[in-house]
1. Of everything in the stretch 106-120, what is open to solvent by less than 30 Å² (accessible area, probe 1.4 Å), closer than 17 Å to F164 by Cα and either polar (S, T, N, Q) or modelled with pLDDT under 95 (or both)? Give them in sequence order.
2. Can you tell me which condition G100 does not meet? The list is (1) modelled with pLDDT under 95; (2) part of a loop (DSSP other than H, G, I, E, B); (3) open to solvent by 60 Å² or more (accessible area, probe 1.4 Å), and all the others hold.
3. Would you confirm whether or not the stretch 160-182 contains a residue that is in contact (Cβ under 8 Å) with a residue 12 or more places away in the chain, closer than 30 Å to A258 by Cα, assigned to a loop (DSSP other than H, G, I, E, B) and within 40 Å of the chain's Cα centre (by Cα)?
4. Suppose we keep only residues that are in contact with a helix residue (DSSP H, G or I) (Cβ under 7 Å, 6 or more places away or on another chain) and part of a loop (DSSP other than H, G, I, E, B) within the stretch 232-245. Which one would you say is most open to solvent (accessible area, probe 1.4 Å)?
5. Considering only the stretch 178-190, state which residues are among the hydrophobic types (A, V, I, L, M, F, W, C) and either buried (at least 21 other Cβ atoms within 10 Å of the Cβ) or in contact with a strand residue (DSSP E or B) (Cβ under 6 Å, 6 or more places away or on another chain) (or both).
6. Test each condition in (1) in contact with a helix residue (DSSP H, G or I) (Cβ under 7 Å, 6 or more places away or on another chain); (2) at pLDDT below 95; (3) not aromatic (F, W, Y) for L178 and report the one that comes out false.
7. Looking only at residues that are in a helix (DSSP H, G or I) and without any contact (Cβ under 8 Å) to a residue 60 or more places away in the chain in the stretch 69-93, which one is most open to solvent (accessible area, probe 1.4 Å)?
8. Given (1) touching a residue at least 12 places away in the same chain (Cβ under 8 Å); (2) open to solvent by 50 Å² or more (accessible area, probe 1.4 Å); (3) farther than 17 Å from L239 by Cβ, identify the lone condition not met by D193.
Amino acid sequence: MVDIPFRGNGNKARAHILSFIGQLTGREPDNAGHAKAVFYAIGFAALSDIQEAFIVKSRGGTGEDGVTWPPLSEAYLAYQRRFAPGEQSALKKAAGLGKGHSYGVGGKGGILTKAQSKRWKKLYGGNLARLAARMEVPDAKGMAAAMAWNTIKAEGARTKLEVFGKRVVAILRDVGILFNSLSPGYFDGVTYDKPTAEGGEQQVFTALTDGIVIGTNVPYAAAHNYGYPKSGIPKREFLPEVVPQVWLERWAQAGIEALADSLHRSLQGAA
């Protein structure tokens, strides 16, 4: 129960409350922005829960929405995911590799020594010459490369997959743009400003006449939220199809508190 003081007769208060309800439901214009403040409060609470669940799931846990994201593949971690400053050197050092382990094959950088790289190329060339005589060239190249790797690994060489494929990183937080777009901005009880970090400008936070729409306009968001098998992207849901009850209860409470505050301000303005 919330007591809201009002100076005026009962009929005037009743009429004003009915008008306020009309603003909340979109039947009357919300000229003073009182209804919008209620919707903003609910949207802010929703983003807070979405952000917290995002953090938990990005670390391999299960969010309050009951969702657990599939882990990143070792191949992605080794060959595609960005490295934090100094991370690559630290991982090489932990694997017993030094500055001289900076050579690769096929014109790419790697973690072989110059001698290992030269050895790989010699093995590959010899294998390819033999295999190409009895199979299609693309197949011969693949098999020749695999044979060369097997040999130099047996001789002590390490691969990127072995050294970098098990590093621990936060899922879907490579550059932070998607995460920032789903993070709550600044809400003072009346107005709302989107996050200022990169990606915040792509946040969807729009008050309607009878509600609030939240989300993200980051181009690749949908591919991750729903999955995109064609590109090998698994489903990692951050906007739940079914909102958990605990979230609904918190959003309702945020709305109730904002409603009381907005009604209080509205009645004060009418007195």
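The values are calculated or read from the model by the stated rules, or taken from the named source; none is laboratory data. Everything numeric here is computed off the predicted structure, so don't read it as measured data. In this analysis, Cβ positions are derived from the backbone assuming ideal geometry, glycine residues included, and neighbour counts consider all displayed protein chains. We work out accessible area using only protein heavy atoms, side chains counted, and drop any ligands, DNA or RNA first. Shrake-Rupley method; radii C 1.70, N 1.55, O 1.52, S 1.80 Å.
1. If the condition is that a residue be open to solvent by less than 30 Å² (accessible area, probe 1.4 Å), closer than 17 Å to F164 by Cα and either polar (S, T, N, Q) or modelled with pLDDT under 95 (or both), then G110 is the only one that fits.
2. Result: G100 passes all but (3).
3. yes
4. K235
5. Listed by number, the residues that qualify are L178, F179, L182.
6. Going through (1) in contact with a helix residue (DSSP H, G or I) (Cβ under 7 Å, 6 or more places away or on another chain); (2) at pLDDT below 95; (3) not aromatic (F, W, Y) one by one, L178 breaks only (2).
7. Checked the stretch 69-93; the qualifying residue most open to solvent (accessible area, probe 1.4 Å) is K93.
8. All conditions are met except number (1).
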